[in-house]
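J.: The structure under discussion is supplied below as structure tokens; questions concerning it will follow.
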Amino acid sequence: MKATVPTRKKIKLKWFKSKCKFNIDRKIEVQYTANSVSSNKLTWEAVIKYILVKEGENVDLPTNSPMTLYKNNLPFLFLNTAESIGNKIISEELIDDDIIINDDIVQIEEGEPKITFEDAIQPKEHIEVRTSFDLISRKINIENKLNYPIELVLDFKQTKEVTFVGSEPEPSEIEEPNYKFKLSIPPEGTSKTSLELKAKIVKRVTKIKPEFIKKFK
Amino acid sequence: MLIDPKVKSIVIFNGGGGIVEREMKLPVQQGINEFQIQNVPASFDPNSADIKLEHLTPEDKESITLQQTVISLPDYKNAEQLIGREKSAANSIISYAIDFTRELRENVLNICEASSYRMYFDMKGTFNFIINSTKDGEIIVKIIYFLSDVRIRWNTTLQVNINEDGKTAEIEGFIVVDNQTGFTYENVELGFAIFELPQTPSNIVDYQTNVPPVGLRQEMLGELNSLKNIQKGPMKRTQRFKQLL
């Protein structure tokens, strides 16, 4: 294209205009550690990104190009692009402040501890290792504060310490170690997901070996 | 002979800088013909500067040849001194101008603004070339050079109008060219490339580091990406527009 680029000025040129499919990708990633799984209350954040599938020729966009979303001819959200692959333009990921997630403990069933010993630094001492498998129930409450329905994916990722036992509702997709729940939440509505988890809890206590404990007469 | 070939095209990099192509038809006389190109910014890369001859007839290939190019950049310290003097003169104009509210205001402001933004890269570089010819004739000369000036760059801006169904949209893409250099490119063929010049003292704002520009091509061939210091900041939060009335 031909244009005049004057000194110390900005010029704006039309590049392309086309129709596109507009997809919203919302997800909540949940992952616990042996410590956090028994917390009374946890909060998570919903991450949102927009995926535009453009019709016609592919365009290469530099990363971090400003993007403005308009609804009813009014600007609705200002964000940047993260990448463009083929005919897909993908926005950066944002934390969705209109989705509130509360994750509360419901119940802990402590398992029978298995006691083993390890050597300590001091020869008169040893480390008592108490390993138990606790069954933990948690409830994740997701609140949609928007005035339109949303769809999102709750993605629970199990770890070597915290594994999945069951859930209500059942996961929509299992691809270990990920258990995905596809949820639809009505406007200003909530969605509840209960998780049954097994946590490997290991407690270590350094103790004096019994043979070295002085007995008082 | 002083010549000012028209800028035919410029390919601008999104990270700043670009490739300039200039072209001109020149008369040549038998013997040595020396030409001096005007309006070459000091941000041009001497290592990548190139002259290409386009002969009008096949016979000219033997008779009209490029002998050599002579390239140099202005002395950095002297240029900085000159710029400093210009800036102080501009300040004096603003301070002492009597008739600063009438029709001259716009012109005075333009002069002063141009001076205050001027830096080393806005000075002129020397780009001469010598053509050897065994006969009188004409030749088309193409001059190509890189600009290692991050003050000329482009980016895109997208407008996405979401339709009522919420599943389709209309996307409009714009290219915004930001030229903060002291040079105007009039009616040129514009090209755009996704490319980032290495962030070295040669092409970032030099006036603070006092480091004169160095060759660009070698830098470009180097490990471009290793020079990028990408640090991810905290994730942004949505701030949706909520209409009250």
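The values are calculated or read from the model by the stated rules, or taken from the named source; none is laboratory data. Note that the structure is predicted; figures quoted are calculated from it, not measured. Every residue, glycine as well, gets a Cβ built from its backbone with ideal geometry; the counts of neighbours run over all protein chains shown.
J.: Return yes when residue A:170 is assigned by TED's automatic domain parsing to the domain that holds residue A:106, free of Cβ contacts under 8 Å to residues at least 40 places away in the same chain and over 24 Å from residue A:106 (Cα atoms) and no when it is not.
T.: Against the criterion (assigned by TED's automatic domain parsing to the domain that holds residue A:106, free of Cβ contacts under 8 Å to residues at least 40 places away in the same chain and over 24 Å from residue A:106 (Cα atoms)), residue A:170 does not qualify.
Residue-wise test of (1) within 14 Å of chain B (Cβ to nearest Cβ); (2) surrounded by 15 or more Cβ atoms within 10 Å (Cβ to Cβ); (3) more than 30 Å from residue B:172 (Cβ to Cβ).
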site: A:113; (1), (2), (3): no, yes, yes
site: A:119; (1), (2), (3): no, no, yes
site: A:127; (1), (2), (3): no, no, yes
site: A:134; (1), (2), (3): no, yes, yes
site: A:138; (1), (2), (3): no, yes, yes
site: A:150; (1), (2), (3): yes, yes, no
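J.: Okay, next question. Kindly indicate whether residue B:23 is over 20 Å from residue B:134 (Cα atoms), in a strand (DSSP E or B) and among the charged types (D, E, K, R).
T.: Yes; evaluated as a whole, the condition is true for this residue.
J.: Next up: With region B:126-196 as the region, which strands (runs of 3 or more DSSP E) entirely inside it contain at least 2 residues that are of a type outside the set (Lys, Arg) and more than 7 Å from chain A (Cβ to nearest Cβ)?
T.: Ranges flagged: B:126-133, B:137-147, B:152-162, B:185-193.
J.: Regarding region B:67-77, can at least one residue be identified that is outside any strand (DSSP E or B), under 30 Å from residue B:112 (Cα atoms) and touching a strand residue (DSSP E or B) at 6+ places or on another chain (Cβ under 9 Å)?
T.: yes
J.: Hey, can you tell me all the residues within region A:51-76 that are of a type in the set (A, V, I, L, M, F, W, C) and facing chain B (nearest Cβ under 8 Å)?
T.: A:52, A:59, A:61, A:67, A:69, A:74, A:76
J.: Right, something else. Would you list the strands (runs of 3 or more DSSP E) that sit entirely within region A:1-87 and hold 1 or more residues that are of a type in the set (Lys, Arg)?
T.: A:2-5, A:9-30, A:41-44, A:46-54, A:66-71
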